[in-house]
Amino acid sequence: MAVDTDVLSAGIRRPASAGHFYVMPLNKPPLKRVALLLLTVVPALAWAVVRPVRVLMPEWNGVTCVDSMVCVDDASKTAEAQALYTEAAEFVGKNVAPISGVPRIVFCASEACAAKFGLGARSAVTFGTVGTVVGPRAWKAYYVRHEIIHYVQAKQFGVVALLAKPSWFVEGMAYGLSEDPRAPLAEPFEGYRRAFRSWYTTVGKDRLWVEGARL
């Protein structure tokens, strides 16, 4: 059977003469339409599925950012959140390393807030250099110091390189240098802290990042 390849200008399929038929062309969507679709659908999908993305725009999740550093879901706790942030930033800057940039911390006083940011069973979590979420159980100085140390690690090594570092170094440093008073920690974290402290005594503060880069 022969196929007439003439394309109708209107793109409408019409009967052909006996023994022949027309094939309606498949039109490709314009690039602008595809780009618009990607710009609208992909961010919305990321927002719905990848909850850490929400730290980029925490106000969309029902919290209030009192400045570029501190966000809260309970305005009555603003002063407490700011005090925790200030103490932790000063502590880490003095005892660990100068802080480059401005780490953002979302302080959730409720479990509902923590759930919106995907905290799950964790007390607090830091997403590279994007930001930190502190859950209702982590409103303590050593918790906030711990998370800012993770932020400093990401700034020092880069987020991708940090992912390749051994856990005893990454978590051991955060537990060990934050002066977390809990002892012993649940395993494997107590083992991580012990391993880091042993390593740290051999390198000292001055060579912490140089030697850490080699791990």
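Looking at (1) buried (at least 22 other Cβ atoms within 10 Å of the Cβ); (2) in a loop (DSSP other than H, G, I, E, B); (3) touching a residue at least 40 places away in the same chain (Cβ under 8 Å); (4) not charged (D, E, K, R), can you tell me which one Leu119 breaks? Of everything listed in (1) buried (at least 22 other Cβ atoms within 10 Å of the Cβ); (2) in a loop (DSSP other than H, G, I, E, B); (3) touching a residue at least 40 places away in the same chain (Cβ under 8 Å); (4) not charged (D, E, K, R), Leu119 misses just condition (3). Scan region 122-154 for residues that are in a helix (DSSP H, G or I), of a type outside the set (Ser, Thr, Tyr) and open to solvent by less than 40 Å² (accessible area, probe 1.4 Å) and the total you get is 12.
Yes/no matrix, rows are residues, columns are (1) under 17 Å from Pro136 (Cα atoms); (2) among the hydrophobic types (A, V, I, L, M, F, W, C); (3) exposed (fewer than 13 other Cβ atoms within 10 Å of the Cβ); (4) in contact with a Pro (Cβ under 8 Å, 6 or more places away or on another chain):
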position: Asp73; (1), (2), (3), (4): yes, no, no, no
position: Val92; (1), (2), (3), (4): no, yes, no, no
position: Gly101; (1), (2), (3), (4): no, no, yes, no
position: Ala115; (1), (2), (3), (4): yes, yes, no, no
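Of all the residues in region 163-177, those that are surrounded by 15 or more Cβ atoms within 10 Å (Cβ to Cβ) and outside any loop (DSSP other than H, G, I, E, B) number 10. I need every pair where a residue in region 179-205 that is surrounded by 15 or more Cβ atoms within 10 Å (Cβ to Cβ) has its Cβ under 8 Å from the Cβ of a residue that is in a loop (DSSP other than H, G, I, E, B), sequence separation at least 6 or different chains. Once the first residue is surrounded by 15 or more Cβ atoms within 10 Å (Cβ to Cβ) and sits in region 179-205, its partners that are in a loop (DSSP other than H, G, I, E, B) give Glu190/Ala183; Glu190/Pro184; Arg193/Asp180; Arg193/Leu185.
For region 40-99, the set of residues classified as within 22 Å of Lys116 (Cα to Cα), modelled with pLDDT of 95 or more and basic (Lys, Arg) consists of Lys77 only. Selection of region 178-215 for residues being in a helix (DSSP H, G or I) and polar (S, T, N, Q) yields Ser198, Thr201, Thr202. Taking region 58-104 as the search range and keeping residues that are in a loop (DSSP other than H, G, I, E, B) and either of a type in the set (Ser, Thr, Tyr) or in contact (Cβ under 8 Å) with a residue 60 or more places away in the chain (or both), which one is farthest from Gly176 (Cα to Cα)? The qualifying residue farthest from Gly176 (Cα to Cα) is Ser68.
The values are calculated or read from the model by the stated rules, or taken from the named source; none is laboratory data. Note that the structure is predicted; figures quoted are calculated from it, not measured. Cβ atoms come from the backbone with ideal geometry, glycine included; neighbour counts cover every protein chain shown. Quick note on the areas: whole protein, heavy atoms, side chains included, nothing else; ligands and nucleic acids left out. Shrake-Rupley method; radii C 1.70, N 1.55, O 1.52, S 1.80 Å.
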